[in-house]
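Read through the structure below, which is laid out as structure tokens, and then see the notes.
The values are calculated or read from the model by the stated rules, or taken from the named source; none is laboratory data. Please read these numbers as outputs of a predicted model, since none were measured by experiment. We place every Cβ from the backbone using ideal geometry, glycine too, and count neighbours over all the protein chains shown.
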Amino acid sequence: MIEPASHGVAPIHLGLRANWEQFTLLVIVNAFVGAMVGLERAVVPLLAEEEFGLMTKTVTLSFLVSFGAVKALANLFAGRLSDRLGRKRILIAGWLIGLPVPLMIMAAPSWDWVVAANILLGVNQGLCWSTTVIMKIDLVGPKQRGLAMGLNEFAGYVAVALSALATGYLASAYGLRPAPFIPGLFFAAIGLLLSIFFVRDTRGHAHLEASVQSSVISPSSPQPAFAQILLLTSWKDRTLFSASQAGMINNLNDGVVWGLVPIFLAGAGLPLEAIALVAATYPGVWGLSQLVTGGLSDRWGRKWLIASGMWVQALGIALFVMGSGLALWLAASVLLGLGTAMVYPTLLAVISDVAHPGWRASAVGVYRLWRDGGYAVGALLAGALADAFGLPVAILAVGALTLLSGVVVAGVTRETLPHSRVSSGGPSVVE
């Protein structure tokens, strides 16, 4: 645990145990962030066909294009603005923007309203989820990043799963609108109130870690410009590039499972309650498994957990098409959730391992730009393939891309687990 000298104010300590109250609060806040997006996992793709009469998959997935593109940009700005303005302000802004989303979907007279609601949802998710990630990284310091990210993503995606399951059952009992979206009003209100009255800013923790790290590594290193951080994270540093491409492909396949698999299962004759179960199993396994996988990456290393996770995801995606029946489709969801759990917190830990604390939030924002841009890319690609060749081809093509992404990780990424990084001479990027 790192401690500063006292200067007449409450001292700042780094570490999970020292900051467990704020960390737990942020875990709860992120659960409400996840619940907001879980509202849509089982119901919105079915709304497109049953209530709005949309037949082409490209148009159906337009809500994911808007969500993914806006969320990606919001991630980028969240990281940079939280370095400049503080984390808490960005978190509150994200909740304010998310408040109208459930009302817009409930009242939507046309599909354009659903697309517009997903623009706001993308901003909400980008600002709120990015900020809770950054704040947890700030609090724990360098020793338990994998565990911290596992706990963060556990809370978010278990909430996604529970929300998806609840909305699916509400839809089967009361119809696709408005009942499934009423809980969203409470999720947004509670998340906003917790953020305003109980969350404290964590920028001071990042400043403390930066001062300690700079004094040990390179006190004269300049703060890189944002353009340099963008290039480093996107391309110039091979490990950051590898993490960014894996994140993008991960969310590309997540978007396809979100947008096309419910339609695929409905076409196979699966009832709505069973579709909701399959849709909820994937993020449920994903969320629960991250309680284990995040901590494992702190002990076993990052690289092979990520590569193996991409390959397990590819197997799960293929099983959706190659299997038949509820049992096999549930098994596909379990594999997909397990593979994603191996990847998701570990990629965030990689970014945190490599980036200096002084510009880490900006690097996380760039990574999440590419990662959540995968929703938009995946929706456009899968929609075009589904319209041209059918749903099975579109789903299998995304599985092949996921397999290839794991090969890139295996071939390009260097191990970044902190003790391994120190013994190998440090990271290759600007410190």
Inset, instruction - Go through VAL133, VAL101 for me and flag whichever is under 16 Å from the mean Cα position of the chain (by Cα) and either among the aromatic types (Phe, Trp, Tyr) or crowded, with 24+ Cβ neighbours inside 10 Å (or both). - result: VAL133
Legend entry - Residue among LEU338, LEU385 that alone is modelled with pLDDT of 90 or more, part of a helix (DSSP H, G or I), within 23 Å of ILE275 (Cβ to Cβ) and in contact with a Ser or Thr (Cβ under 6 Å, 6 or more places away or on another chain): LEU338
Inset, instruction - Tell me, please, whether a residue that is part of a helix (DSSP H, G or I), farther than 27 Å from VAL377 by Cβ and modelled with pLDDT of 90 or more can be found in segment 32-53. - result: yes
Legend entry - segment 300-330, residues that are surrounded by fewer than 24 Cβ atoms within 10 Å (Cβ to Cβ), in contact (Cβ under 8 Å) with a residue 24 or more places away in the chain and not hydrophobic (A, V, I, L, M, F, W, C): GLY301, LYS303, SER308, SER324
Legend entry - Among the candidates ALA276, ALA355, residue that is more than 25 Å from ALA72 (Cβ to Cβ) and either free of Cβ contacts under 8 Å to residues at least 24 places away in the same chain or crowded, with 24+ Cβ neighbours inside 10 Å (or both): ALA276
Inset, instruction - Determine, yes or no, whether SER352 is in contact with a helix residue (DSSP H, G or I) (Cβ under 8 Å, 6 or more places away or on another chain), at pLDDT 90 or above and small (Gly, Ala, Ser). - result: no
Legend entry - VAL70 being part of a helix (DSSP H, G or I), within 18 Å of GLU153 (Cα to Cα) and within 18 Å of the chain's Cα centre (by Cα): no
Inset, instruction - Could you tell me which residue of segment 68-83 is nearest to GLN245 (Cα to Cα), considering only residues that are in contact with a Leu (Cβ under 6 Å, 6 or more places away or on another chain) and touching a residue at least 60 places away in the same chain (Cβ under 8 Å)? - result: ALA72
Inset, instruction - Determine which single condition ASN253 fails, assuming it passes every other condition in (1) touching a Ser or Thr at 6+ places or on another chain (Cβ under 9 Å); (2) farther than 24 Å from ALA379 by Cβ; (3) surrounded by 19 or more Cβ atoms within 10 Å (Cβ to Cβ); (4) in contact (Cβ under 8 Å) with a residue 60 or more places away in the chain. - result: (2)
Inset, instruction - Could you pull out every one of the helices (runs of 4 or more DSSP H) wholly within segment 231-316 that has 3 or more residues that are touching a Pro at 6+ places or on another chain (Cβ under 6 Å)? - result: 272-300
